[in-house]
Amino acid sequence: MNRLIIKGGYGEHGRTCFMIEYAAKRYIMFDCGIMDTDPFPFPDISEDEARNTDFLFLSHAHKDHCGAVDHLVAQGFDGTILATKQTFALANIHHQKMVYLNAAGNGTYEHQNLSVAYGRSGHCPGSLWFLLTLADGYKFFYSGDFQIDPLLYACDIPKDITADVAIIDMAHDQLLQNAEELRKAMLLTITRYLAQGFKVILPVQLYGRGNELLYLLAKNFAKEKIAIDKRMMIAIEKMLEEQNWMQKAHHQEFIQSYEAIKDNDIRQADLILLADTHLEKADNRLLVEQLLSEKAIIIASGRKKEGSFVCQMLAKHQAISLCYPHHSSRADALQLHDINNFKITLPFHAEAKEVWK
């Protein structure tokens, strides 16, 4: 494990960045994200390390995995960035040396004394996992943000992979339920609130669990009116330009669900999805305050940002926190670990620093 250099993301939520020394003081980097709740949000990368990094593989477009790319360049990085077309587009990344990885299924990237295999990770549009093999046979597996049993997104499940070191997503480290069980809990909770006459407000990311939640709601609440905000609508339209990230079996059904609800009036809806994870947009706060004054509940299904409007509503008992399986739970992570041959596994995206062997 002496070739692995951890720059962020292990033992913390965010700032994800891992480096592999593949030649003498020459590095390959997997992700370079920020932690936007920290006074110094960037990974701890020196100027020498930035200049000596030849390849940066980005797993997906969320800022905790790619938000520090500009900082890395400012530190002296002049290497090649590799990601899917969707990741580059959604993260708005521009660089002189860019390689587009195929997101239609498993693929490989070869360069002299290294080989990287990759597949879709089931997390969001364009998201990938990676398996690095060096010339001497050393293997490093990196899951990126991962969901082994996604509802909507496509996942090329890595199985029977041998690796010296594996770093796998376990953001929902306190949860022993698998993804299916967590989705059922979400549906039961929403059903209970609707039966009591509440409107249900779901703040979500622009690109991520919001699409799966929309699909889940459309399949299970056909009699209720569902609405999304304009930001989410624009994001969905953009994502539908590239369809390889979605499971083929559900692709047309998702489009039909979206077409059926996209023009619904938010103020008249029973189920409301807002593309604003922490409800930081002024217009969303005004809308939500009005809905709460009538009869509504916020269900926060992702990470909580201290001091945010969502956290304020949690403190006032006008919101509840309920996990949607957008990342891996402990049960999901153990399943991924068990179906592969990892000598050492480091679960990341969680506060605990664990080592599995």
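The values are calculated or read from the model by the stated rules, or taken from the named source; none is laboratory data. Note that the structure is a prediction, hence the values are computed from the model and not measured. Cβ atoms come from the backbone with ideal geometry, glycine included; neighbour counts cover every protein chain shown. For the accessible areas, the whole protein counts, side chains as well, though only heavy atoms, and no ligand, DNA or RNA atoms are used. Shrake-Rupley method; radii C 1.70, N 1.55, O 1.52, S 1.80 Å.
See the values below:
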item: Cross-chain or 6+ apart pairs with Cβ under 7 Å, segment 241-257 first and free of Cβ contacts under 8 Å to residues at least 24 places away in the same chain, then in a helix (DSSP H, G or I) and open to solvent by less than 80 Å² (accessible area, probe 1.4 Å); result: 243/251
item: Every residue from segment 1-14 that is touching a strand residue (DSSP E or B) at 6+ places or on another chain (Cβ under 6 Å), open to solvent by 20 Å² or more (accessible area, probe 1.4 Å) and assigned to a loop (DSSP other than H, G, I, E, B); result: 1, 3, 10
item: Residues within segment 235-276 that are open to solvent by 80 Å² or more (accessible area, probe 1.4 Å), part of a helix (DSSP H, G or I) and over 23 Å from residue 154 (Cβ atoms), tallied; result: 2
item: Enumeration of residues in segment 215-224 that are farther than 25 Å from residue 328 by Cα and either assigned to a helix (DSSP H, G or I) or among the charged types (D, E, K, R) (or both); result: 223, 224
item: Qualifying residue in segment 15-22 (condition: modelled with pLDDT under 95, open to solvent by 50 Å² or more (accessible area, probe 1.4 Å) and charged (D, E, K, R)); result: yes
item: Given (1) surrounded by fewer than 22 Cβ atoms within 10 Å (Cβ to Cβ); (2) modelled with pLDDT under 95, number of the condition residue 126 does not satisfy; result: (1)
item: Positions within segment 179-189 being touching a Ser or Thr at 6+ places or on another chain (Cβ under 9 Å) and open to solvent by 60 Å² or more (accessible area, probe 1.4 Å), in sequence order; result: 181
item: Answer from 117, 50 - the residue that is surrounded by 16 or more Cβ atoms within 10 Å (Cβ to Cβ), among the small types (Gly, Ala, Ser) and touching a helix residue (DSSP H, G or I) at 6+ places or on another chain (Cβ under 8 Å); result: 50
item: Of residues in segment 90-105 being touching a residue at least 40 places away in the same chain (Cβ under 8 Å) and either acidic (Asp, Glu) or more than 17 Å from residue 66 (Cβ to Cβ) (or both), the one surrounded by the most Cβ atoms within 10 Å (Cβ to Cβ); result: 104
item: Verdict on residue 167 being β-branched (Val, Ile, Thr), in a strand (DSSP E or B) and either on the phi > 0 side of the Ramachandran plot or modelled with pLDDT of 95 or more (or both); result: yes
item: Residue in segment 68-75 that is among the polar types (S, T, N, Q), modelled with pLDDT of 95 or more, in contact with a helix residue (DSSP H, G or I) (Cβ under 8 Å, 6 or more places away or on another chain) and surrounded by fewer than 22 Cβ atoms within 10 Å (Cβ to Cβ) present; result: yes
item: Segment 106-122 residues that are under 20 Å from residue 152 (Cβ atoms), paired with ones that are acidic (Asp, Glu) (beta carbon under 7 Å, 6 or more apart); result: 106/156; 119/156; 120/156; 121/145
item: Qualifying positions in segment 190-214 - open to solvent by 50 Å² or more (accessible area, probe 1.4 Å), part of a helix (DSSP H, G or I) and within 23 Å of residue 247 (Cα to Cα); result: none
item: Residues that are assigned to a loop (DSSP other than H, G, I, E, B) and in contact with a Cys (Cβ under 8 Å, 6 or more places away or on another chain), drawn from segment 33-58; result: 33, 43, 45, 58
item: So residue 119, is it part of a strand (DSSP E or B) and either of a type outside the set (A, V, I, L, M, F, W, C) or in contact with a strand residue (DSSP E or B) (Cβ under 8 Å, 6 or more places away or on another chain) (or both); result: yes
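This table checks each residue for (1) more than 23 Å from the chain's Cα centre (by Cα); (2) among the charged types (D, E, K, R).
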{"residue": "269", "(1), (2)": "yes, no"}
{"residue": "275", "(1), (2)": "no, no"}
{"residue": "283", "(1), (2)": "yes, yes"}
{"residue": "301", "(1), (2)": "no, no"}
{"residue": "312", "(1), (2)": "yes, no"}
{"residue": "317", "(1), (2)": "yes, no"}
{"residue": "321", "(1), (2)": "no, no"}
{"residue": "328", "(1), (2)": "no, no"}
